[in-house]
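Novice: There's a structure below that I have some questions on.
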Amino acid sequence: IVQVTNQPGLEFQPALSPDGREVAYVEGPISRPRIVVRSAVALEERGELRLTDGLDGFHWFPTWSPDGESLRFAACRGQYGGCATQQVGKLGGAIEPVFAGGASAWIENRPHRVLELTPGRSAWSRDGTRVAYSVGMDSLYTSPASIASPRLLTILESPNAFRPHSLTWSPDGRWIAFVDRRLMWTIASGYRGLNTSSVWIADAEDGTQVRITDDSSVNMSPQWLPDSRHLLFVSDRDGARGIYVVEVGPDGPKGEPRSVLSASDAHSISVSADGKRLAYSKFTSSQNIWAVPITEGRVTSLSDARRVTTGNQVVESHSLSPDGRWLLFDSNRGGGNTNLYRVPIAGGTPDPISAYPYDVYNPVLSPDGAEIVFHTADAEEGMYQLKVMPVTGGAPTVLAAFSGVTNAPDWSPDGLTVAFQTFGNEGALHSTVWTVSRDSIGASWSDPRELNDLECFWPEWSPDGAKLSCWWWPGPEKRCESIVACITLLSTAGEVLDILDTQVEKPPGPWEPEWSWDGSLLYFIGLDADGSKGLWSLPATGGEPTKVIAFDDPTVVVGDAFAVGPDAIYLTVIEDESDIWVADLKVGR
């Protein structure tokens, strides 16, 4: 085993050259990933070649051409989408576009829209003649590499299929391996979503699907050995993440997976064409809450931030208690699945709130401080659920359960209504805002009601309870100048009251708009015209945005989730570390 990178920060998504002597990979930070190539033989043998530094956007998933002379990769306008395949020589040079799927009229009769490809959802066959890609919640397509002629290969049989990804062709071209669920794992580790995933294979001609692993653990990054009968993959099936191998065939796995490298903290893997070398990224992640003061009249720097939580944990979402004294957050700090905690805004030792055997996220305290609403991601239940429980403990009540993502809850100021979003419900590739209500505190809850079919994300109640804000994807009928999204204000009946132009010029655009404590402003995270990321405020009546916090330290990666207090913004800061290692493989009989 040889370590081939050792710099601070992220180096992951390795791709071994066909002869196993070079490795391409993605170098972070997550906010600016770039493609790098270096020797896979030893750390000291040759310096790195940075192939895509002159290209804007986000660069993911390098793969080698069959002759090993060039690399293809996903070049994306945003971190999560708007991707096209580009090609560059292994020694650098001109970067040129390459067709890799994408057409606007593939699925006229399918119940979801077709968007541009997202990272990790396409793959070239080993001989370079065909492309496979996934679309929406559950569909796999193939196409000749030379023309945009997509053919629906199969629709996933998994009852709660969610954005299949990590596609890889077997060397003989017969099978396509893929992963169901947890797409965002592929570009980082700490993201909302079902905490488990499964590996499948599909016949590349007739689409027949075969499940290879269960979904009781994380199973990711499938890679074929040269015989097209054995799959390597990453899994935490025995606790810590490691690398496993399993023999597969038309009837499924032949026996139980066997450990290859246990407890290696592997994130993503790659195998040389002859099967004699294995590259893997050894990945660890932590994500904590930091507080940044709100300073009247000037832009605050990240250097003014202070830590609220510490430790080796991933905090995906958090909220402020109505009295402004506590932060509620989800975390895997217990060493297993994600549960709920609270901590004083000044910091200290967190107190556990829940101890469920499944993952729970997005805790929000009711206005009277008596209840907590949250969402769950339980593989046994097979779907996301929105739940509410007393702060004092007890069995939770299910408020909503849908086939797609059900999350982002928020209480109305009177405590009688909870707004939330769904994404992917019944195959729909967009989000809408829903509510559940009750007549009085302690009364039974109504059935969920779709507030509006507008494609809106992350609903938030205004402090006076008169309206909700959400992040609106404008689509082809754009009604604001921002490339990605606008902030929309809805009445409690679902009518559009106003559309606020954030005037953000580049992706990812505004994210999870949050109201100021007094309701006069809306805050959002986005990119400036020069590509720098930061947090802005916008008058709730419309007008010019004002930068409030500059994300001015390139070594500090700020997550999407944030909460607003009367005198501070509470951000999540991601501290990831990953290096590339290469191991020699001996394949037994």
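Please treat every number below as a calculation from the coordinates, not as lab data. Model, not experiment: these values are computed from the prediction. Please note: Cβ atoms are built from the backbone with ideal geometry, for glycine as well, and neighbour counts cover all protein chains shown.
Novice: Test of understanding: given the chain, find the longest segment containing no GluC sites (Glu not before Pro) that are in a DSSP loop and have at most 11 other Cβ atoms within 10 Å.
Specialist: Result, exposed sites excluded: 381-494.
Novice: Aspartates and glutamates near K533 by alpha-carbon distance under 16 Å, same-chain residues fewer than 8 away left out - which ones?
Specialist: D56, E505, E512, D552, D553, D560
Novice: Taking θ as phi - 60°, what are the ³J(HN,Hα) couplings along the stretch 66-72 by the Karplus curve (6.51, -1.76, 1.60), each to the nearest whole Hz, with x for Gly and Pro?
Specialist: x, 8, x, 9, 8, 10, 10
Novice: So which trypsin sites (Lys or Arg not before Pro) in the stretch 173-276 pass both tests, a DSSP loop state and at most 11 other Cβ atoms within 10 Å of the Cβ?
Specialist: K254
Novice: Starting from 0.36 nm per residue, how many nanometres of slack lie between A466 and V98 once their C-alpha separation is accounted for?
Specialist: 127.5 nm
Novice: Step through the table entries K282/K547; K254/K387; K254/K276; K254/K586; K90/K254; K282/K586, compare each Cα-Cα distance with 28 Å, and write down the pairs that go over it.
Specialist: K282/K547; K254/K387; K90/K254
Novice: Something else about it: Hey, got a sec? Which trypsin sites (Lys or Arg not before Pro) in the stretch 1-100 land in a DSSP loop and have at most 16 other Cβ atoms within 10 Å?
Specialist: In loop regions of the stretch 1-100 (DSSP not H, G, I, E or B), the sparsely surrounded trypsin sites (Lys or Arg not before Pro) are R21, R46.
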